[in-house]
Amino acid sequence: MKMLYLLCKQKRTTSKNQLMSKVLTKQVQNKISRYFLKLENHLTKPESRCVREMSTGILKSGTVLVNKIATGICDTISLSQTTKRFRNHYNKKGFFIKLFRGHMNSVKGRVQHGDYILFDGSDIQKRYSKMMEGLDYVKDGDKSTFGLGYWLMDVVHFSKDQEMTPLLNKLYSFDHGAKSENMEIMEAIEEVDSIIDKDVTKIFDRGMDRPICRDFIVAGEGNFILRLKKTTKLIHKGKETAVNKISRKIPLFMELVATKAGKNKKHKITFSCGAVKVKYKTRGKEYELWLVVTKRVNGGYCWMLTRSPKENIVDVIKEAFTAYGFRWKIEEYHRHIKSCYNLEDIQVKTFDGLQSMLAILTITMGIIYSSLSSLHTRLLLESGIKTLNKEKMYELCNFIYYKISAIIKILLADMTPKAFLPSPQISRSDGQLSLALIYES
(Lines give C-alpha, C1' and ligand atoms only; values in the text may rest on other atoms or scores of the structure.)
Protein backbone atom coordinates (compact mmCIF):
# COMPACT_ATOMS: atom_id res chain seq x y z
CA MET A 1 0.00 0.00 0.00
CA LYS A 2 2.87 2.35 0.82
CA MET A 3 4.50 1.70 -2.55
CA LEU A 4 1.17 2.27 -4.31
CA TYR A 5 0.73 5.57 -2.43
CA LEU A 6 4.22 6.75 -3.41
CA LEU A 7 3.63 5.83 -7.07
CA CYS A 8 0.32 7.74 -7.12
CA LYS A 9 1.96 10.74 -5.47
CA GLN A 10 4.78 10.70 -7.99
CA LYS A 11 2.30 10.45 -10.84
CA ARG A 12 0.29 13.41 -9.51
CA THR A 13 3.51 15.45 -9.13
CA THR A 14 4.60 14.58 -12.68
CA SER A 15 1.17 15.51 -14.08
CA LYS A 16 1.21 18.78 -12.18
CA ASN A 17 4.71 19.63 -13.46
CA GLN A 18 3.68 18.81 -17.03
CA LEU A 19 0.60 21.04 -16.72
CA MET A 20 2.65 23.93 -15.27
CA SER A 21 5.25 23.42 -17.99
CA LYS A 22 2.57 23.81 -20.67
CA VAL A 23 1.20 26.94 -18.98
CA LEU A 24 4.66 28.49 -18.70
CA THR A 25 5.49 27.59 -22.31
CA LYS A 26 2.37 29.43 -23.46
CA GLN A 27 3.30 32.46 -21.35
CA VAL A 28 6.85 32.45 -22.73
CA GLN A 29 5.40 32.25 -26.24
CA ASN A 30 3.16 35.28 -25.58
CA LYS A 31 6.03 37.36 -24.17
CA ILE A 32 8.28 36.62 -27.14
CA SER A 33 5.44 37.34 -29.60
CA ARG A 34 4.88 40.77 -28.03
CA TYR A 35 8.55 41.64 -28.43
CA PHE A 36 8.59 40.68 -32.12
CA LEU A 37 5.38 42.64 -32.63
CA LYS A 38 7.26 45.78 -31.54
CA LEU A 39 10.37 44.91 -33.57
CA GLU A 40 8.29 44.41 -36.75
CA ASN A 41 7.59 48.16 -36.82
CA HIS A 42 11.26 48.82 -37.66
CA LEU A 43 11.90 46.03 -40.20
CA THR A 44 10.41 44.79 -43.46
CA LYS A 45 8.32 41.62 -43.32
CA PRO A 46 11.05 39.36 -44.81
CA GLU A 47 13.63 40.86 -42.41
CA SER A 48 11.31 40.43 -39.46
CA ARG A 49 10.68 36.80 -40.40
CA CYS A 50 14.42 36.14 -40.70
CA VAL A 51 15.20 37.67 -37.27
CA ARG A 52 12.29 35.86 -35.61
CA GLU A 53 13.35 32.50 -37.04
CA MET A 54 17.03 32.97 -36.24
CA SER A 55 16.31 34.15 -32.68
CA THR A 56 14.05 31.14 -32.15
CA GLY A 57 16.75 28.86 -33.57
CA ILE A 58 19.34 30.32 -31.17
CA LEU A 59 17.01 29.83 -28.19
CA LYS A 60 16.35 26.21 -29.19
CA SER A 61 19.85 25.18 -30.30
CA GLY A 62 21.98 27.19 -27.88
CA THR A 63 24.48 28.13 -30.58
CA VAL A 64 25.26 30.83 -33.16
CA LEU A 65 26.21 28.34 -35.90
CA VAL A 66 23.87 29.03 -38.82
CA ASN A 67 23.41 25.37 -39.85
CA LYS A 68 22.30 24.38 -36.34
CA ILE A 69 20.02 27.40 -36.09
CA ALA A 70 18.38 26.42 -39.41
CA THR A 71 18.00 22.83 -38.15
CA GLY A 72 16.34 24.07 -34.96
CA ILE A 73 13.52 25.97 -36.68
CA CYS A 74 12.19 22.80 -38.38
CA ASP A 75 11.40 24.51 -41.70
CA THR A 76 9.60 22.63 -44.48
CA ILE A 77 12.21 23.54 -47.12
CA SER A 78 15.72 22.07 -47.34
CA LEU A 79 18.46 23.05 -44.92
CA SER A 80 20.56 24.62 -47.69
CA GLN A 81 17.63 26.77 -48.83
CA THR A 82 16.96 27.93 -45.27
CA THR A 83 20.59 28.93 -44.66
CA LYS A 84 20.68 30.68 -48.03
CA ARG A 85 17.59 32.69 -47.10
CA PHE A 86 19.22 33.68 -43.80
CA ARG A 87 22.46 34.59 -45.58
CA ASN A 88 20.68 36.91 -47.99
CA HIS A 89 19.56 39.01 -45.02
CA TYR A 90 22.41 38.96 -42.51
CA ASN A 91 25.02 39.72 -45.21
CA LYS A 92 23.29 42.96 -46.21
CA LYS A 93 25.46 46.00 -45.62
CA GLY A 94 24.30 48.06 -42.63
CA PHE A 95 21.68 45.48 -41.60
CA PHE A 96 23.17 45.23 -38.10
CA ILE A 97 22.67 48.98 -37.47
CA LYS A 98 19.02 48.63 -38.51
CA LEU A 99 18.64 45.69 -36.09
CA PHE A 100 20.24 47.51 -33.16
CA ARG A 101 18.14 50.63 -33.71
CA GLY A 102 14.98 48.58 -34.00
CA HIS A 103 15.90 46.64 -30.85
CA MET A 104 16.64 49.77 -28.80
CA ASN A 105 13.41 51.40 -29.97
CA SER A 106 11.53 48.23 -28.97
CA VAL A 107 12.93 48.12 -25.41
CA LYS A 108 13.38 51.82 -24.64
CA GLY A 109 10.03 51.83 -22.84
CA ARG A 110 11.73 49.79 -20.11
CA VAL A 111 14.30 52.54 -19.52
CA GLN A 112 13.20 54.90 -16.76
CA HIS A 113 14.62 58.16 -15.45
CA GLY A 114 17.48 57.48 -13.05
CA ASP A 115 18.42 54.10 -14.57
CA TYR A 116 21.95 53.16 -15.59
CA ILE A 117 23.57 52.35 -18.94
CA LEU A 118 26.97 50.66 -18.78
CA PHE A 119 29.57 50.75 -21.57
CA ASP A 120 32.26 48.09 -21.60
CA GLY A 121 34.76 46.54 -24.00
CA SER A 122 35.37 42.84 -24.65
CA ASP A 123 36.78 40.56 -27.33
CA ILE A 124 36.16 37.44 -29.45
CA GLN A 125 39.06 35.08 -29.96
CA LYS A 126 39.30 33.29 -33.35
CA ARG A 127 42.81 31.85 -33.13
CA TYR A 128 42.12 28.99 -35.56
CA SER A 129 40.32 31.06 -38.21
CA LYS A 130 42.28 32.42 -41.14
CA MET A 131 39.65 33.10 -43.83
CA MET A 132 37.19 35.24 -41.87
CA GLU A 133 37.01 38.87 -43.00
CA GLY A 134 38.51 41.63 -40.86
CA LEU A 135 40.50 39.49 -38.41
CA ASP A 136 42.67 41.58 -36.12
CA TYR A 137 45.17 40.95 -33.31
CA VAL A 138 43.23 41.43 -30.06
CA LYS A 139 44.02 40.95 -26.40
CA ASP A 140 42.33 38.00 -24.70
CA GLY A 141 40.80 39.48 -21.54
CA ASP A 142 40.85 36.11 -19.75
CA LYS A 143 44.43 35.05 -20.50
CA SER A 144 46.10 38.44 -21.14
CA THR A 145 47.55 37.14 -24.42
CA PHE A 146 47.19 38.40 -28.00
CA GLY A 147 45.69 36.43 -30.87
CA LEU A 148 43.43 36.68 -33.92
CA GLY A 149 39.91 37.88 -33.25
CA TYR A 150 37.66 40.92 -32.99
CA TRP A 151 37.03 43.74 -30.52
CA LEU A 152 33.58 44.24 -28.98
CA MET A 153 31.77 47.27 -27.58
CA ASP A 154 28.95 46.26 -25.22
CA VAL A 155 26.15 48.50 -23.95
CA VAL A 156 23.77 47.18 -21.28
CA HIS A 157 20.89 48.87 -19.46
CA PHE A 158 20.36 48.33 -15.73
CA SER A 159 17.16 49.33 -13.96
CA LYS A 160 17.03 50.38 -10.31
CA ASP A 161 15.84 46.82 -9.57
CA GLN A 162 19.04 45.50 -11.21
CA GLU A 163 17.15 44.05 -14.17
CA MET A 164 19.47 44.12 -17.17
CA THR A 165 18.76 44.52 -20.89
CA PRO A 166 21.50 44.18 -23.55
CA LEU A 167 21.15 47.14 -25.93
CA LEU A 168 24.12 47.01 -28.28
CA ASN A 169 27.01 44.63 -28.90
CA LYS A 170 29.04 46.06 -31.76
CA LEU A 171 31.96 44.19 -33.26
CA TYR A 172 34.86 46.17 -34.75
CA SER A 173 38.31 45.60 -36.21
CA PHE A 174 41.16 47.97 -37.05
CA ASP A 175 41.79 45.80 -40.10
CA HIS A 176 38.30 46.59 -41.37
CA GLY A 177 37.63 50.30 -41.08
CA ALA A 178 37.78 51.04 -37.33
CA LYS A 179 39.83 54.22 -36.80
CA SER A 180 40.39 53.95 -33.05
CA GLU A 181 38.86 52.55 -29.87
CA ASN A 182 38.10 56.12 -28.78
CA MET A 183 35.95 56.65 -31.90
CA GLU A 184 34.08 53.39 -31.28
CA ILE A 185 33.31 54.45 -27.70
CA MET A 186 32.09 57.90 -28.75
CA GLU A 187 29.98 56.48 -31.61
CA ALA A 188 28.36 53.99 -29.21
CA ILE A 189 27.49 56.82 -26.80
CA GLU A 190 25.99 58.91 -29.61
CA GLU A 191 24.03 55.94 -30.98
CA VAL A 192 22.47 55.22 -27.59
CA ASP A 193 21.78 58.91 -26.85
CA SER A 194 19.95 59.30 -30.18
CA ILE A 195 17.35 56.70 -29.14
CA ILE A 196 17.35 56.53 -25.32
CA ASP A 197 16.21 60.04 -24.48
CA LYS A 198 15.73 59.42 -20.74
CA ASP A 199 17.74 61.01 -17.93
CA VAL A 200 20.07 58.07 -17.23
CA THR A 201 23.52 57.70 -15.66
CA LYS A 202 26.24 56.30 -17.96
CA ILE A 203 28.93 54.11 -16.38
CA PHE A 204 32.43 53.68 -17.83
CA ASP A 205 35.35 51.52 -16.73
CA ARG A 206 38.89 52.90 -16.32
CA GLY A 207 39.82 51.50 -19.75
CA MET A 208 37.84 54.48 -21.10
CA ASP A 209 39.78 56.98 -18.98
CA ARG A 210 41.70 58.54 -21.88
CA PRO A 211 41.92 62.28 -22.63
CA ILE A 212 39.77 62.13 -25.79
CA CYS A 213 37.03 59.94 -24.27
CA ARG A 214 37.16 61.71 -20.92
CA ASP A 215 36.72 65.13 -22.55
CA PHE A 216 33.84 63.81 -24.66
CA ILE A 217 32.09 62.25 -21.63
CA VAL A 218 32.50 65.30 -19.38
CA ALA A 219 31.51 67.83 -22.07
CA GLY A 220 28.43 65.78 -22.99
CA GLU A 221 25.01 66.08 -21.42
CA GLY A 222 23.70 63.83 -18.69
CA ASN A 223 25.08 62.16 -15.59
CA PHE A 224 27.97 59.71 -15.64
CA ILE A 225 30.36 57.65 -13.49
CA LEU A 226 33.88 57.19 -14.89
CA ARG A 227 36.47 55.12 -13.05
CA LEU A 228 39.82 56.90 -13.19
CA LYS A 229 43.44 55.85 -13.37
CA LYS A 230 45.59 57.03 -10.49
CA THR A 231 47.57 59.46 -12.66
CA THR A 232 44.52 61.34 -14.01
CA LYS A 233 44.64 64.99 -12.99
CA LEU A 234 41.74 67.06 -11.67
CA ILE A 235 41.51 70.62 -10.34
CA HIS A 236 41.37 70.52 -6.54
CA LYS A 237 41.70 73.71 -4.48
CA GLY A 238 42.76 75.61 -7.59
CA LYS A 239 45.59 73.23 -8.60
CA GLU A 240 45.78 70.36 -11.07
CA THR A 241 46.59 67.29 -8.98
CA ALA A 242 46.68 63.55 -9.66
CA VAL A 243 43.76 61.71 -8.07
CA ASN A 244 45.98 59.41 -6.02
CA LYS A 245 47.38 62.51 -4.27
CA ILE A 246 43.95 64.11 -3.85
CA SER A 247 42.64 60.92 -2.21
CA ARG A 248 45.22 61.21 0.59
CA LYS A 249 43.55 64.44 1.74
CA ILE A 250 39.96 63.14 1.58
CA PRO A 251 38.52 61.78 4.85
CA LEU A 252 37.06 58.29 4.23
CA PHE A 253 34.19 58.68 6.68
CA MET A 254 31.74 56.05 5.35
CA GLU A 255 31.85 52.27 5.42
CA LEU A 256 29.95 50.35 2.75
CA VAL A 257 29.74 46.60 2.31
CA ALA A 258 29.65 44.77 -1.02
CA THR A 259 28.60 41.13 -1.32
CA LYS A 260 30.52 38.94 -3.74
CA ALA A 261 28.77 35.72 -4.72
CA GLY A 262 31.06 32.67 -4.98
CA LYS A 263 30.30 29.14 -6.10
CA ASN A 264 29.29 27.89 -2.67
CA LYS A 265 28.84 30.96 -0.47
CA LYS A 266 28.85 34.75 -0.41
CA HIS A 267 31.75 36.91 0.72
CA LYS A 268 31.30 40.35 2.26
CA ILE A 269 33.89 43.00 1.41
CA THR A 270 34.10 46.25 3.37
CA PHE A 271 35.11 49.57 1.77
CA SER A 272 35.95 52.92 3.34
CA CYS A 273 34.52 55.76 1.23
CA GLY A 274 34.70 59.51 0.86
CA ALA A 275 34.08 62.23 -1.73
CA VAL A 276 35.06 65.80 -2.59
CA LYS A 277 33.99 68.37 -5.18
CA VAL A 278 36.53 68.91 -7.98
CA LYS A 279 36.71 70.65 -11.33
CA TYR A 280 37.69 69.39 -14.76
CA LYS A 281 38.69 71.72 -17.59
CA THR A 282 38.15 70.85 -21.23
CA ARG A 283 37.54 72.91 -24.38
CA GLY A 284 38.11 76.12 -22.42
CA LYS A 285 35.32 75.38 -19.93
CA GLU A 286 35.42 74.15 -16.34
CA TYR A 287 32.92 71.55 -15.10
CA GLU A 288 32.08 71.00 -11.42
CA LEU A 289 32.07 67.29 -10.60
CA TRP A 290 32.47 64.86 -7.70
CA LEU A 291 35.47 62.67 -7.04
CA VAL A 292 34.37 59.57 -5.11
CA VAL A 293 37.15 57.57 -3.44
CA THR A 294 36.77 54.03 -2.09
CA LYS A 295 39.40 51.93 -0.37
CA ARG A 296 39.03 48.23 0.24
CA VAL A 297 39.97 47.12 3.73
CA ASN A 298 43.51 45.73 3.43
CA GLY A 299 43.33 46.56 -0.28
CA GLY A 300 43.77 49.32 -2.85
CA TYR A 301 41.97 52.50 -3.88
CA CYS A 302 39.33 53.12 -6.53
CA TRP A 303 38.68 56.63 -7.93
CA MET A 304 35.41 57.56 -9.66
CA LEU A 305 34.64 60.87 -11.37
CA THR A 306 30.90 61.49 -11.39
CA ARG A 307 28.29 64.05 -12.37
CA SER A 308 25.41 63.16 -10.10
CA PRO A 309 21.84 64.47 -9.70
CA LYS A 310 22.34 64.00 -5.95
CA GLU A 311 23.46 66.97 -3.87
CA ASN A 312 24.15 65.33 -0.53
CA ILE A 313 27.67 63.86 -0.26
CA VAL A 314 26.36 60.64 1.34
CA ASP A 315 23.88 60.07 -1.50
CA VAL A 316 26.59 60.74 -4.11
CA ILE A 317 28.89 58.13 -2.55
CA LYS A 318 26.14 55.51 -2.21
CA GLU A 319 24.97 55.94 -5.81
CA ALA A 320 28.49 55.73 -7.28
CA PHE A 321 29.33 52.70 -5.13
CA THR A 322 26.10 50.85 -6.03
CA ALA A 323 26.05 51.75 -9.72
CA TYR A 324 29.66 50.80 -10.42
CA GLY A 325 28.97 47.47 -8.71
CA PHE A 326 26.79 46.55 -11.72
CA ARG A 327 29.98 46.10 -13.75
CA TRP A 328 30.51 42.50 -12.60
CA LYS A 329 27.18 41.57 -14.25
CA ILE A 330 28.33 42.68 -17.68
CA GLU A 331 31.41 40.48 -17.22
CA GLU A 332 29.07 37.57 -16.49
CA TYR A 333 27.07 38.51 -19.57
CA HIS A 334 30.23 38.11 -21.67
CA ARG A 335 30.86 34.67 -20.14
CA HIS A 336 27.23 33.69 -20.65
CA ILE A 337 27.12 34.33 -24.40
CA LYS A 338 30.55 32.76 -24.86
CA SER A 339 29.92 29.58 -22.84
CA CYS A 340 26.18 28.91 -23.36
CA TYR A 341 25.88 30.13 -26.97
CA ASN A 342 29.44 29.39 -28.19
CA LEU A 343 29.97 32.93 -29.48
CA GLU A 344 33.64 32.32 -30.24
CA ASP A 345 32.68 29.39 -32.52
CA ILE A 346 30.81 31.73 -34.86
CA GLN A 347 31.50 30.92 -38.54
CA VAL A 348 30.52 33.71 -40.90
CA LYS A 349 33.01 34.80 -43.53
CA THR A 350 31.84 38.37 -44.20
CA PHE A 351 32.34 41.14 -41.65
CA ASP A 352 28.81 42.50 -42.21
CA GLY A 353 27.43 39.01 -41.61
CA LEU A 354 29.35 38.77 -38.33
CA GLN A 355 27.93 42.12 -37.22
CA SER A 356 24.38 41.04 -38.06
CA MET A 357 24.76 37.67 -36.31
CA LEU A 358 25.98 39.46 -33.19
CA ALA A 359 22.98 41.83 -33.40
CA ILE A 360 20.57 38.88 -33.64
CA LEU A 361 22.27 37.25 -30.64
CA THR A 362 21.88 40.53 -28.70
CA ILE A 363 18.17 40.59 -29.57
CA THR A 364 17.86 36.99 -28.35
CA MET A 365 19.62 37.84 -25.08
CA GLY A 366 17.32 40.85 -24.70
CA ILE A 367 14.36 38.43 -24.84
CA ILE A 368 15.86 36.18 -22.13
CA TYR A 369 17.10 38.96 -19.84
CA SER A 370 14.33 41.52 -20.20
CA SER A 371 11.20 40.38 -22.07
CA LEU A 372 10.88 37.25 -19.90
CA SER A 373 12.01 38.91 -16.64
CA SER A 374 8.56 38.70 -15.02
CA LEU A 375 8.60 34.90 -15.50
CA HIS A 376 12.13 34.20 -14.24
CA THR A 377 11.18 33.10 -10.72
CA ARG A 378 8.30 30.94 -11.94
CA LEU A 379 10.49 29.32 -14.59
CA LEU A 380 13.03 28.37 -11.92
CA LEU A 381 10.46 27.07 -9.42
CA GLU A 382 7.51 25.74 -11.44
CA SER A 383 8.79 24.58 -14.83
CA GLY A 384 9.57 21.08 -13.56
CA ILE A 385 13.12 21.40 -14.95
CA LYS A 386 15.66 21.01 -12.17
CA THR A 387 18.23 23.81 -12.28
CA LEU A 388 18.44 24.71 -8.57
CA ASN A 389 21.23 22.61 -7.09
CA LYS A 390 20.75 23.30 -3.39
CA GLU A 391 17.25 24.82 -3.49
CA LYS A 392 18.40 27.83 -1.47
CA MET A 393 16.96 31.34 -1.71
CA TYR A 394 20.23 32.91 -2.91
CA GLU A 395 20.03 30.76 -6.08
CA LEU A 396 17.08 32.94 -7.16
CA CYS A 397 19.05 36.16 -6.67
CA ASN A 398 22.43 35.42 -8.25
CA PHE A 399 23.18 35.54 -11.98
CA ILE A 400 20.30 33.24 -12.97
CA TYR A 401 20.51 33.59 -16.76
CA TYR A 402 22.52 30.42 -17.32
CA LYS A 403 19.62 28.48 -15.76
CA ILE A 404 16.94 30.48 -17.58
CA SER A 405 18.65 29.75 -20.92
CA ALA A 406 18.64 26.00 -20.18
CA ILE A 407 14.95 26.06 -19.20
CA ILE A 408 13.89 28.05 -22.29
CA LYS A 409 15.82 25.67 -24.53
CA ILE A 410 13.82 22.71 -23.18
CA LEU A 411 10.42 24.47 -23.14
CA LEU A 412 10.72 25.60 -26.76
CA ALA A 413 12.11 22.31 -28.07
CA ASP A 414 8.89 21.39 -29.91
CA MET A 415 7.92 24.88 -31.06
CA THR A 416 8.47 26.45 -34.48
CA PRO A 417 8.88 30.18 -35.28
CA LYS A 418 5.29 30.31 -36.52
CA ALA A 419 4.17 29.85 -32.92
CA PHE A 420 5.61 33.30 -32.16
CA LEU A 421 3.57 35.10 -34.79
CA PRO A 422 1.18 37.63 -33.20
CA SER A 423 -2.35 36.30 -32.80
CA PRO A 424 -4.62 37.80 -35.45
CA GLN A 425 -7.23 40.16 -34.08
CA ILE A 426 -10.71 38.85 -34.65
CA SER A 427 -12.84 41.42 -36.39
CA ARG A 428 -16.17 42.28 -34.86
CA SER A 429 -17.71 42.03 -38.31
CA ASP A 430 -18.12 38.47 -39.62
CA GLY A 431 -18.45 39.70 -43.20
CA GLN A 432 -22.23 39.16 -43.45
CA LEU A 433 -24.85 41.77 -44.11
CA SER A 434 -26.72 43.13 -41.12
CA LEU A 435 -30.16 44.41 -42.05
CA ALA A 436 -32.31 46.37 -39.63
CA LEU A 437 -35.79 44.85 -40.07
CA ILE A 438 -38.87 46.42 -38.60
CA TYR A 439 -41.72 44.05 -37.84
CA GLU A 440 -45.22 45.49 -37.60
CA SER A 441 -47.89 43.59 -35.87
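Scanning residues 5 or more positions from residue 92 or on other chains, none has an amide H under 5 Å from its amide H, with H placed 1.01 Å from N in the peptide plane.
Heavy-atom accessible area with a 1.4 Å probe sorts 209, 161, 352, largest first, into 161, 352, 209. The HN-Hα couplings worked out from phi for segment 302-315 by the Karplus form 6.51 cos²θ - 1.76 cosθ + 1.60 (θ = phi - 60°) are 9, 10, 10, 8, 9, 9, 10, x, 6, 10, 6, 4, 5, 5 Hz, whole numbers, x standing for Gly and Pro. Taking every alpha-carbon pair under 8 Å whose residues sit at least 6 apart, segment 275-374 reaches a relative contact order of 14 percent. Mind checking which of 59, 381, 37 has the largest fluctuation in a GNM of the chain, springs on alpha carbons under 10 Å? Fluctuation is largest for 381. Heavy-atom accessible area with a 1.4 Å probe sorts 390, 93, largest first, into 93, 390. Comparing 99, 24, 388 in a Gaussian network model of the chain where C-alpha atoms under 10 Å apart are linked, the largest mean-square fluctuation is found at 388.
Could you identify which residue out of 149, 366, 300 has the top mean-square fluctuation in a GNM of the chain using Cα springs shorter than 10 Å? Sorting by GNM fluctuation, first place goes to 300. Rolled with a 1.4 Å probe across the full set of protein chains, the surface gives residue 267 an accessible area near 90 Å². Using a probe of 1.4 Å, the accessible surface attributed to residue 83 totals some 10 Å² when neighbouring protein chains are kept in position.
Just want to confirm a number: the relative contact order over segment 133-270, from Cα pairs under 8 angstrom separated by 6+ residues, in percent. Taking the mean separation of contacting Cα pairs over the length of segment 133-270, I get 12 percent. Surface calculation, 1.4 Å probe, protein heavy atoms: residue 145 sits at approximately 70 Å² accessible. Along the axis of the charge dipole computed for the chain (Cβ charges of +1 for Lys and Arg, -1 for Asp and Glu, origin at the Cα centre), the listed residues 169, 381, 323 are led at the positive end by 381.
The spread of Cα positions in segment 36-195, taken along each principal axis and listed from longest to shortest, comes to 45, 42, 27 Å. Volume per residue of the convex hull around the Cα atoms, evaluated for segment 263-332, comes out as 126 Å³. Diagonalising the gyration tensor over the Cα atoms of segment 72-151 and scaling each eigenvalue by 5 before taking the square root yields semi-axes of 28, 27, 12 Å, largest first.
Tell me, rounded to the nearest percent, the portion of alpha carbon pairs in segment 185-254 spaced more than 13 Å apart. Summing the P(r) tail past 13 Å for segment 185-254 gives 71 percent. A simple charge model with +1 on the Cβ of Lys and Arg, -1 on the Cβ of Asp and Glu and nothing else charged puts the dipole of segment 321-364 at about 120 debye relative to its Cα centre.
Couplings 3J(HN,Hα) for segment 219-235, derived from phi with the Karplus relation 6.51 cos²θ - 1.76 cosθ + 1.60 (θ = phi - 60°), are 6, x, 8, x, 8, 7, 9, 10, 6, 9, 7, 5, 8, 5, 9, 10, 8 Hz, where x marks Gly and Pro. For segment 80-91, putting each phi into the Karplus relation 6.51 cos²θ - 1.76 cosθ + 1.60 with θ = phi - 60° gives couplings of 5, 5, 5, 5, 5, 5, 4, 4, 4, 8, 6, 8 Hz, in residue order, rounded to whole numbers and with x for Gly and Pro.
May I ask for the angle, rounded to the nearest 10°, between helix 351-366 and the longest principal axis of the chain, with both axes built from Cα atoms and the value confined to 0 to 90°? That works out to roughly 80 degrees. Exposed loop sites are taken as chymotrypsin sites (Phe, Trp or Tyr not before Pro) in a DSSP loop (any state but H, G, I, E or B) with at most 10 other beta carbon atoms within 10 Å; the longest stretch of the chain without one runs 129-438. All C-alpha pair distances within the chain, sorted into 20 Å bins from zero, spread as 22, 50, 23, 5, 1, 0 percent across the bins. Over the C-alpha atoms of segment 217-325, the Rg to Rh ratio, Rh being the Kirkwood estimate, stands at 1.00.
Across the alpha-carbon set of segment 124-197, the Rg to Rh ratio works out to 1.05, Rh being the Kirkwood radius.
Based on DSSP H segments of at least four residues, each scored -39500 (n - 2.57), the chain has a per-residue ellipticity at 222 nm of -12500 deg cm²/dmol.
Each Cα pair under 8 Å and six or more residues apart adds its sequence gap; the mean of these over the residue count of the chain is a relative contact order of 21 percent.
The residue 22 and residue 260 beta-carbon pair, evaluated with R₀ = 51 Å, returns a calculated FRET efficiency of approximately 0.85.
The values are calculated or read from the model by the stated rules, or taken from the named source; none is laboratory data. Because the structure is predicted, anything quoted here is derived from the model rather than measured. As a convention, Cβ positions derive from the backbone with ideal geometry for all residues, glycine included, and neighbour counts pool all protein chains shown. Areas reflect the complete protein model, heavy atoms only, side chains present, ligands, DNA and RNA absent. Shrake-Rupley method; radii C 1.70, N 1.55, O 1.52, S 1.80 Å.
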